[in-house]
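Enquirer: Got a structure for you, questions after.
The values are calculated or read from the model by the stated rules, or taken from the named source; none is laboratory data. Source: prediction; values computed, not measured. Cβ: placed from backbone, ideal geometry, glycine included. Neighbour counts: every protein chain shown.
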């Protein structure tokens, strides 16, 4: 098995991140899909930007979409401009700093209508904050959900994952959440965890894989590789 390739924030090592230019570049390379980040404006427009704040310091949640820099696309614009690829859509909320974003429930309420009409195999919802995934499950239970993890969020699992996961291995926690897949920080994905996740029938994604050594280690083991430098591996 050779893992599918996904461009991280489009292809942030090779083109401006989370831009239509970067997304089009990723599609032109023939990648399976694109990973990107969803924030939401004061007027409830889902837009694609990694950080909660702009470079000037203004929070996206406090600004209307019309007031954002022109290079920041809306989710709807990106889906129209770059059809025919898989979208790994990370919903950005911050349990440790909740004032940086709208609530998970409100984010999901406004994002899901934008996704209507997309085939299920073309979209996956990702989140470090598993409250987001529970909100998706309540409104769109058939939409594939992927638990994002990093050592920091795993160490504060009640904050990031919620109650009920104490004492579980990471793969079992993901499975117990009802998610379709697990996306882990590549250097933290141990062989034993990958084998356990496979036994639980989870889809596996590794982020962010940028070196040949990491790619060759993980590509036979996971379903998807998320990379800043997709041209290195096509």
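Enquirer: Quick one: in the stretch 93-102, which of the residues that are out of contact with any strand residue (DSSP E or B) (no Cβ under 8 Å at 6 or more places or on another chain) and assigned to a loop (DSSP other than H, G, I, E, B) is surrounded by the fewest Cβ atoms within 10 Å (Cβ to Cβ)?
Expert: Within the stretch 93-102, the match that is surrounded by the fewest Cβ atoms within 10 Å (Cβ to Cβ) is 97.
Enquirer: Where residues in the stretch 119-134 are out of contact with any strand residue (DSSP E or B) (no Cβ under 8 Å at 6 or more places or on another chain) and under 23 Å from residue 77 (Cβ atoms), which of them is surrounded by the most Cβ atoms within 10 Å (Cβ to Cβ)? Break it down stepwise before answering.
Expert: Of all residues in the stretch 119-134, those out of contact with any strand residue (DSSP E or B) (no Cβ under 8 Å at 6 or more places or on another chain) come to 119-120, 131, 134.
Okay, now just the ones that are also under 23 Å from residue 77 (Cβ atoms), so 119-120.
On the way: 119: 7, 120: 11.
So, considering only residues that are out of contact with any strand residue (DSSP E or B) (no Cβ under 8 Å at 6 or more places or on another chain) and under 23 Å from residue 77 (Cβ atoms), the one surrounded by the most Cβ atoms within 10 Å (Cβ to Cβ) is 120.
Enquirer: Considering only the stretch 109-131, state which residues are closer than 22 Å to residue 85 by Cβ and part of a helix (DSSP H, G or I). Give the derivation first.
Expert: Just the residues of the stretch 109-131 that are closer than 22 Å to residue 85 by Cβ, to begin with: 111-127.
The answer is 111, 112, 113, 114, 115, 120, 121, 122.
Enquirer: Among the listed residues 89, 75, which satisfies the condition of being over 22 Å from residue 184 (Cα atoms) and at pLDDT 95 or above? Before the answer, list the steps.
Expert: Working: 89 fails: over 22 Å from residue 184 (Cα atoms).
Only one candidate passes the filter, namely 75.
Enquirer: Right, something else. So for the stretch 40-52 (the condition being out of contact with any helix residue (DSSP H, G or I) (no Cβ under 8 Å at 6 or more places or on another chain) and not in a loop (DSSP other than H, G, I, E, B)), does at least one residue qualify?
Expert: no
Enquirer: Within the group 11, 42, 32, which residue is modelled with pLDDT of 95 or more, surrounded by 15 or more Cβ atoms within 10 Å (Cβ to Cβ) and within 26 Å of residue 113 (Cβ to Cβ)?
Expert: On the way: 11 fails: within 26 Å of residue 113 (Cβ to Cβ); 42 fails: surrounded by 15 or more Cβ atoms within 10 Å (Cβ to Cβ).
It is 32.
Enquirer: Here is a follow-up. Hey, does the stretch 75-97 have a residue that's over 14 Å from the mean Cα position of the chain (by Cα), closer than 25 Å to residue 154 by Cβ and touching a residue at least 60 places away in the same chain (Cβ under 8 Å)?
Expert: Checking the stretch 75-97: at least one residue is over 14 Å from the mean Cα position of the chain (by Cα), closer than 25 Å to residue 154 by Cβ and touching a residue at least 60 places away in the same chain (Cβ under 8 Å).
Enquirer: Quickly run through the stretch 215-234 and pick out the residues that are under 20 Å from residue 17 (Cβ atoms) and touching a residue at least 24 places away in the same chain (Cβ under 8 Å).
Expert: If the condition is that a residue be under 20 Å from residue 17 (Cβ atoms) and touching a residue at least 24 places away in the same chain (Cβ under 8 Å), then 224, 225, 226, 227, 228, 229, 230, 231, 233, 234 are the ones that fit.
Enquirer: A further question on this structure: Identify, from the list 90, 17, the residue that is touching a strand residue (DSSP E or B) at 6+ places or on another chain (Cβ under 9 Å), buried (at least 19 other Cβ atoms within 10 Å of the Cβ) and not in a loop (DSSP other than H, G, I, E, B). It would help to see each step written out before you state the result.
Expert: Values: 17 fails: not in a loop (DSSP other than H, G, I, E, B).
Only one candidate qualifies: 90.
Enquirer: Oh, and also: Residues of the stretch 45-60 being over 19 Å from the mean Cα position of the chain (by Cα) and surrounded by 15 or more Cβ atoms within 10 Å (Cβ to Cβ), which ones?
Expert: At the first step, the residues of the stretch 45-60 found to be over 19 Å from the mean Cα position of the chain (by Cα) are 54-59.
Correct list: 54, 59.
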